[in-house]
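Enquirer: This is the structure I want to talk about, given as structure tokens.
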Amino acid sequence: MPRDITLLWALRSPCSFKCPQCYFGELDDHKEELPEGPGVLSHIPVRDIDYAAMDAFANTLADSPVERVVLAGGEPLDWLPTLSLIKTIKESGCQVVVATNGVPLTRPGIAQRLVALGVDGVSVSLDSTDPAVNDQMRPSRSGRAGYREVLAGVRTLLNLRGSAAGPRVGIYTVVYRSRPQEITGVARLAGELGVDYYVPQPVSLPPGHKLFDELCHTLDDVPAVADQLDRLQNDPGGLVLPDADYLRQFVASIATQDSGRVADCYGGAQLFFIQPDGSLWDCPSDRRIAATAPSEQRSIVGADARTLFADRPPCTDCSHFSRDCVNMGPLVLGMPRFLARGAS
Ligand SMILES: C[S@@+](CC[C@H](N)C(=O)[O-])C[C@H]1O[C@@H](n2cnc3c(N)ncnc32)[C@H](O)[C@@H]1O
């Protein structure tokens, strides 16, 4: 059985940040009314599964077709049981990548544990080289952590890793329509920090979102973004980047809001998404989730990874292309390059 599945596991809902563009929506809005529906996310954790259910599933990963688990959320490192779960997943022979806001890496012992556990990759989110802009897009709830702490977290992890092979450390940047220059700007900063890989990704919001017009790219933004991506590709500054296909898809995705066809999509074949309530989807794209028949909805609760993925189809064409698809590319196709030893 080939071991070729990536699980993007949004482990828990809470986060110490309150990014207004977050896929999880805004906590204050949800306090008034908790959103319902398949695939709908919220930072309010009332539906999150407990550690025992997570651990039971993680214990079935050995001898399953799962190759890699990307732990995200919410913020996975604000919850200490995540470290125990990482141990179980690593012992099952899977790679583990942690997607974090970076601040927990400054807390005593967290970065050390990630190194000691043999975590393969740590992807840290940073959206701007300008502290004020970053902290506007990625504000902490307390107001006491932001750009400075994120950079301190990256430096702490890189220092502790030293010359060891892992974890590889990356920066993820969400690109907004008014700030194409962050694509090369954050790359330069990442290079100065000594980071290994770098992923700019387009902001993805549903058309009804209150920030859609302000943040989301339109056809008019294509030249500036394409120019920035070209510059990045021509001068990666020692960073491992997603491949040229990804950069082309980035531009294609911001040129339209319409659904298109994705040839040979890996969603449901080599990529699955687990939301904090345990629901299992072919991918996190809201379009694809909306197209999933109720009879096809599944959960990891009480499930065994050795049988759960037994009947998965091969990659097939999907008619729900969106910016979400672009953002999945680095997790599936990019990660082997990002995690390669001595890659940068
Ligand atoms: C939801 S966060 C969870 C992991 C962790 N707390 C973090 O901050 O990286 C995962 C990634 O999704 C990105 N993200 C959140 N909302 C997004 C959106 N609407 N469009 C594109 N990326 C988004 C974040 O910036 C981050 O890089």
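The values are calculated or read from the model by the stated rules, or taken from the named source; none is laboratory data. Quick caveat: nothing in here was measured; it's all calculated off a predicted structure. Because the Cβ atoms are built from the backbone with ideal geometry, glycine has one as well, and the counts that use them run over all protein chains shown.
Enquirer: Mind checking which residues of the range 133-166 are within 15 Å of the ligand (Cβ to nearest atom) and farther than 19 Å from C19 by Cα?
Expert: Of everything in the range 133-166, those that are within 15 Å of the ligand (Cβ to nearest atom) and farther than 19 Å from C19 by Cα turn out to be V154, L157.
Enquirer: Looking at (1) among the β-branched types (V, I, T); (2) closer than 29 Å to V40 by Cα; (3) touching a strand residue (DSSP E or B) at 6+ places or on another chain (Cβ under 9 Å), which is the one condition that is false for V225?
Expert: (2)
Every residue, every condition in (1) surrounded by fewer than 18 Cβ atoms within 10 Å (Cβ to Cβ); (2) within 24 Å of L215 (Cα to Cα), yes or no:
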position	(1), (2)
R3	yes, no
C15	no, yes
P35	yes, yes
D50	yes, no
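Enquirer: Scan the range 102-143 for residues that are over 21 Å from R68 (Cβ atoms), in contact (Cβ under 8 Å) with a residue 12 or more places away in the chain and among the polar types (S, T, N, Q) and jot them down.
Expert: T106, Q112, S128, T129, N134, S140, S142
Enquirer: Let me ask something additional. Which pairs turn up if I take residues in the range 295-317 that are over 13 Å from F272 (Cβ atoms) and look for partners that are among the hydrophobic types (A, V, I, L, M, F, W, C) and loosely packed, with under 15 Cβ neighbours inside 10 Å with beta carbon separation below 8 Å, at least 6 apart in sequence or on another chain?
Expert: D317/A263
Enquirer: Something else now. Residues of the range 84-134 being touching a Ser or Thr at 6+ places or on another chain (Cβ under 7 Å) and among the acidic types (D, E), which ones?
Expert: Passing the criteria: only D127.
Enquirer: Looking at the range 291-344 only, could you name the residues that are over 28 Å from F24 (Cα atoms), among the small types (G, A, S) and touching a strand residue (DSSP E or B) at 6+ places or on another chain (Cβ under 7 Å)?
Expert: A343, S344
Enquirer: While we're on this one: Just to check your reading of the model, which residue among I289, I274 is at pLDDT 95 or above, surrounded by 19 or more Cβ atoms within 10 Å (Cβ to Cβ) and closer than 24 Å to S42 by Cα?
Expert: Checking each option against the conditions leaves just I274.
Enquirer: Is it the case that some residue within the range 258-277 is in contact (Cβ under 8 Å) with a residue 60 or more places away in the chain, within 16 Å of the ligand (Cβ to nearest atom), over 17 Å from the mean Cα position of the chain (by Cα) and within 25 Å of G93 (Cα to Cα)?
Expert: yes
Enquirer: Out of all the residues in the range 236-250, is one or more in contact with a Gly (Cβ under 7 Å, 6 or more places away or on another chain), within 30 Å of P207 (Cα to Cα), more than 16 Å from the ligand (Cβ to nearest atom) and outside any loop (DSSP other than H, G, I, E, B)?
Expert: no
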